[in-house]
Amino acid sequence: MSMTITARSEQRCFGGTQGFYTHASSSTGTDMKIGVYVPPHAEGAKLPALYYLAGLTCTEETFAIKAGAQRLAAELGLVVVTLDTSPRGLDLPGDAASWDFGVGAGFYVDATEAPWTKHYRMYSYVVDELPALIEHNFPVSDRRGITGHSMGGHGALVIALRNPGRYRSVSAFAPIANPLVVPWGEKAFGNYLGADRARWVAYDASFLMREKAFPGDILVDQGLADPFLANQLRPEALEAAAAVSGQALTLRRHEGYDHSYWFIETFVSDHLVWHAERLR
């Protein structure tokens, strides 16, 4: 695994640096793009990092540009890492035929079905490759938190529940809570993981949470004016799972808020503080 990164841009931001980088990924077999905000810090310091997983059609730039997280991240001394949502440039059959599958829609799984299995390995990329790369190239410790939105909220919950020793904190904005039984999940998992639904359980946060709780508490925010709420997101599945396993879960529902980055921008400060408190 190469630890080399190439800077595409680096700008001063609230006393720190917002950078965007490219690196060759051993997980996907492609170049991958990432964003890293490094806050002001003392020389030699090692800072905690919050990994943000974006939703369908988004890139490593979306959260960094739209969420307005850098000001508070600078005050909290929190590195914020963003990443692309799939490998790109492969031109696999059908990978650009729809907005909710293929390019921009990796769903943070390791695909087991052709032609996706060789490159669509976003789970391994996030869990293993990316933290090693970040901790090698930036002033970052192994105190990790993870969060995300929609498809990325699904990814953050699944990854934390499956790897509790690697993450000290987890939260999500409007996550796809029960992908086994919603159209987005059925489409993605059916193609990436095959027809056997038993394989899908490993990537469904509500099933995982029912079996074993994350050792810390979990924060989830959901807008009640979200057009995807009933058909795709189903946060009530998380509440039911938490009731079985005893998971400490704070699920906040907000009148009038939708699925957009206006919703994320409104509540991102709460999530940054949540993670900073648990990553100290």
Taking a straight Cα-to-Cα line shorter than 18 Å from LYS212, and setting aside same-chain aspartates and glutamates fewer than 8 residues away, one finds ASP204, GLU236, GLU239
Go ahead and set up a Gaussian network model of the chain, Cα springs under 10 Å, then flag whichever of GLY77, GLY89, GLY16 fluctuates most.
-> GLY89
Here P(r) for the stretch 174-230, Cα-Cα distances in 5 Å bins, as whole percents, is 4, 17, 25, 21, 17, 13, 4
Chymotrypsin sites (Phe, Trp or Tyr not before Pro) restricted to DSSP loop in the stretch 80-109 with at most 16 other C-beta within 10 Å = TRP99
For the stretch 203-280 and the stretch 123-201, distance of Cα centres in Å | 14
Among ILE5, ILE146, what's the order by accessible area (1.4 angstrom probe), most exposed first?
-> ILE5, ILE146
From the square roots a ≥ b ≥ c of the eigenvalues of the alpha-carbon gyration tensor of the stretch 137-261, which class results: rounded (a/c under 1.5), prolate (a/b over b/c), or oblate?
-> rounded
For the chain, calculated [θ]222 nm from helices alone, where every DSSP H run of n ≥ 4 adds -39500 (n - 2.57) = -8000 deg cm²/dmol
Taking 0.36 nm per residue of separation between GLU255 and HIS136 and subtracting their Cα-Cα distance, the length gained on full extension comes to 38.6 nm
Within the stretch 1-71, which GluC sites (Glu not before Pro) sit in a loop by DSSP and count at most 10 neighbouring Cβ atoms inside 10 Å?
-> GLU43
The ratio Rg/Rh over the Cα atoms of the stretch 10-92, Rh being the Kirkwood inverse mean 1/r radius, stands at 1.01
Cβ-based net charge around ALA64, under 13 Å, with every Lys or Arg adding one and every Asp or Glu removing one = -1
Please give the residues of the stretch 183-222, grouped as numeric ranges, whose backbone N is less than 15 Å from a label point set 7 Å along the Cα-to-Cβ vector of GLU239.
-> 220-222
Under the Kirkwood approximation applied to all pairs of distinct alpha-carbon atoms, what is the hydrodynamic radius of the stretch 193-280 in Å?
-> 14.6
Kindly sort LYS33, LYS212 by accessible area of their heavy atoms, largest first, with the probe set to 1.4 Å.
-> LYS212, LYS33
With +1 at each Lys and Arg Cβ and -1 at each Asp and Glu Cβ, the charge dipole magnitude of the stretch 136-280 around its Cα centre, to the nearest 20 debye, comes out at 580
For THR30 paired with LYS66, estimate the spin-label separation in nm (one decimal), with each label point 7 Å from Cα along the Cα-to-Cβ line.
-> 2.0
Cα-based Rg/(2.2 N^0.38 Å) for the stretch 56-171, rounded to two decimals, is 1.10
Could you order ARG280, ARG143, ARG88 so the one with the most accessible surface comes first? Probe is 1.4 Å.
-> ARG280, ARG88, ARG143
With a Förster radius of 25 Å, plug the Cβ-Cβ distance of THR4 and ALA198 into 1/(1 + (r/R0)^6) and report the FRET value to the nearest 0.05.
-> 0.05
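The values are calculated or read from the model by the stated rules, or taken from the named source; none is laboratory data. Because the structure is a prediction, the values reported are computed rather than measured. Glycine also receives a Cβ, built like all others from the backbone with ideal geometry; neighbour counts cover every protein chain displayed. Calculation scope for accessible area: heavy atoms of the full protein, side chains included, ligands and nucleic acids excluded. Shrake-Rupley method; radii C 1.70, N 1.55, O 1.52, S 1.80 Å.
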